[in-house]
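Trainee: Encoded as structure tokens, here's the structure I'll be asking about.
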Amino acid sequence: MKYEPKVLIGTPIYNKKDYCLEKHLEHVRKINYTNYEQVFFDNSKSSKYYYKLKSKGLKVIRVPRGSNSRVAVANSMNAMRQYIKEHDYDYVLVLESDLFPDPEIINRLLQHNKEVVGSYYLLGLDEDELKYRSLVKDYTEHKISSEELKQKTKGLLIKVPCIFITDVKKDTNFKGTRIIGRKEGIEIFRTGLRQVHGCGLGATLISRRIFLRFPFYFDSRYESKHPDVYFFADLSDAGIPVYVDTNFNIPHQPSSWDKVRDRWERMEKKELDTKKLEVESIKRNIEKNEESIEDHEHKIEIYNKIIDLLNKKITNFQKKCDLEMNNYGFTEEFKPVEKYKKLPEYVEITKELQAVMNEEQLIQYGEELRKYKKFKESSVKDSEDLKDETERLKKTIKQIMGE
């Protein structure tokens, strides 16, 4: 009897992907392979969808969502790694819920005998693709100019393969990675097994050894980067080859990542950016008019708001980290030293906080302003004493700010 490696079909999911769940399940049920199990890793914000999936008879593990959608994906993948560690699977087929696999997907990927082999599937939205094709048609019929075509297609999420290659960036001459273009994708389609830098994790078979060796993470400094980008960078650094089977295009029905991104995160960033711009404007005013107490007082007020916002971010982040670290999928061996204090997002927030005055500095700053204001009100405005006091205030503020 032929041995069949034991395969976990690991599917990250959350409630906004419910639109394609039934179609996904229909395709999975037709997979021509016996020794597999599908487990869903639900990273929805509430537990409501978890119970909905359970009610369908599906095996589901609840995963903390985290601060944004990228963190949610990383959490799901690490929970998947923990599940693999606790069970005797030989491979994991990471299969996202908006992809619809063919019946031979497991057999086809296994026969390549590689530790990491992905599938050819397309990114992009159907509505954007149709709009793009219509605009190209208008251009070929001379109804619009090349400049109009460029402007009208800007920002459209057209269909391109989710495959990464290394390339030299023209503007910096540095080596980096990029998703292959539309023409490149057409050229490599149906050309067999191809070695690449990386691919989307949507339908990727990974050996137990590799999957357990490399954790998934998100770097908050680069919001647009998904956890799979770092995963494949780590594989590349370790000299582990990655392949893609180009002989079959897996149907993909994605939602827009711009719609997925957490709204509160965008609003919070916008509010912080606005406050920082206000501070820069006030600084310029102070430089032009050193004696403006109102500008200094306004600056203190804005600094207080920024510090409140950043302290709130730190508190929320600590709570989320405590929850995530103690939930399923985050065992002691994977916890960073001192928990969240070493995580990139925490470091970034604390750096932001240190970049402005802390509460103690604000108190000193305010006290100096009150002394100056009182002195100014009791003195002749053009006196030498006032000039001296103004200079003293400037020096004191620099000392307080550590400049």
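The values are calculated or read from the model by the stated rules, or taken from the named source; none is laboratory data. Remember, predicted model here, so these are calculated numbers, not experimental data. Methodologically, a virtual Cβ is constructed for each residue, glycine included, from the backbone with ideal geometry; neighbour enumeration extends over all protein chains shown.
Trainee: Can you run down the residue pairs with Cβ atoms below 9 Å, 6 or more apart or on separate chains, where the first is in the stretch 73-86 and touching a residue at least 24 places away in the same chain (Cβ under 8 Å) and the partner is among the basic types (Lys, Arg) and not in a helix (DSSP H, G or I)?
Mentor: 75/65; 79/62
Trainee: Here are some conditions: (1) in a strand (DSSP E or B); (2) over 23 Å from residue 78 (Cβ atoms); (3) among the hydrophobic types (A, V, I, L, M, F, W, C). Residue 164 meets all but one. Which one does it not meet?
Mentor: Single failed check for residue 164: (2).
Trainee: Looking at 76, 46, 55, which one is at pLDDT 95 or above, more than 17 Å from the chain's Cα centre (by Cα) and not acidic (Asp, Glu)?
Mentor: Every option except 55 fails the conditions.
Trainee: Helices (runs of 4 or more DSSP H) wholly in the stretch 213-295 with at least 2 residues that are modelled with pLDDT under 90, outside the structural domain of residue 45 (by TED's automatic domain parsing) and among the hydroxyl-bearing types (Ser, Thr, Tyr) - which ones?
Mentor: 263-288
Trainee: Could I ask something else about it? Can you tell me how many residues in the stretch 58-73 are crowded, with 18+ Cβ neighbours inside 10 Å, among the basic types (Lys, Arg) and modelled with pLDDT of 95 or more?
Mentor: Residues meeting the conditions: 1.
Trainee: In the list 186, 210, which residue meets the criterion of being without any contact (Cβ under 8 Å) to a residue 24 or more places away in the chain and in a helix (DSSP H, G or I)? Step through it out loud before you land on a result.
Mentor: On the way: 210 fails: without any contact (Cβ under 8 Å) to a residue 24 or more places away in the chain.
Going through 186, 210 in turn, just one is without any contact (Cβ under 8 Å) to a residue 24 or more places away in the chain and in a helix (DSSP H, G or I): 186.
Trainee: Can you go through 141, 129 and tell me which one is within 27 Å of the chain's Cα centre (by Cα) and either outside the structural domain of residue 224 (by TED's automatic domain parsing) or at positive phi (or both)?
Mentor: Going through 141, 129 in turn, the sole match is 129.
Trainee: Please state which of the following conditions residue 195 fails to meet, knowing it meets all the rest: (1) under 25 Å from residue 253 (Cβ atoms); (2) under 26 Å from the mean Cα position of the chain (by Cα); (3) touching a residue at least 40 places away in the same chain (Cβ under 8 Å).
Mentor: Here residue 195 clears every test but (1).
Trainee: Of the conditions (1) small (Gly, Ala, Ser); (2) in a loop (DSSP other than H, G, I, E, B); (3) farther than 25 Å from residue 251 by Cα, residue 79 fails just one. Which one is it?
Mentor: (2)
Trainee: For the stretch 154-176, enumerate the residues that are surrounded by fewer than 16 Cβ atoms within 10 Å (Cβ to Cβ), of a type outside the set (A, V, I, L, M) and under 21 Å from the mean Cα position of the chain (by Cα).
Mentor: Passing the criteria: 155, 166, 176.
Trainee: Select, from 136, 117, the only residue that is modelled with pLDDT of 95 or more and either within 24 Å of the chain's Cα centre (by Cα) or not assigned by TED's automatic domain parsing to the domain that holds residue 38 (or both).
Mentor: So the residue among 136, 117 that is modelled with pLDDT of 95 or more and either within 24 Å of the chain's Cα centre (by Cα) or not assigned by TED's automatic domain parsing to the domain that holds residue 38 (or both) is 117.
Trainee: Let me ask something else about it. Quick one: would you say residue 58 is without any contact (Cβ under 8 Å) to a residue 60 or more places away in the chain, assigned to a helix (DSSP H, G or I), farther than 18 Å from residue 104 by Cβ and in the same structural domain as residue 216 (by TED's automatic domain parsing)?
Mentor: no
Trainee: Quick check on this structure: which one of 22, 96 is assigned by TED's automatic domain parsing to the domain that holds residue 225, surrounded by fewer than 18 Cβ atoms within 10 Å (Cβ to Cβ), of a type in the set (Asp, Glu) and at pLDDT 95 or above?
Mentor: Of the residues listed, the single one that is assigned by TED's automatic domain parsing to the domain that holds residue 225, surrounded by fewer than 18 Cβ atoms within 10 Å (Cβ to Cβ), of a type in the set (Asp, Glu) and at pLDDT 95 or above is 22.
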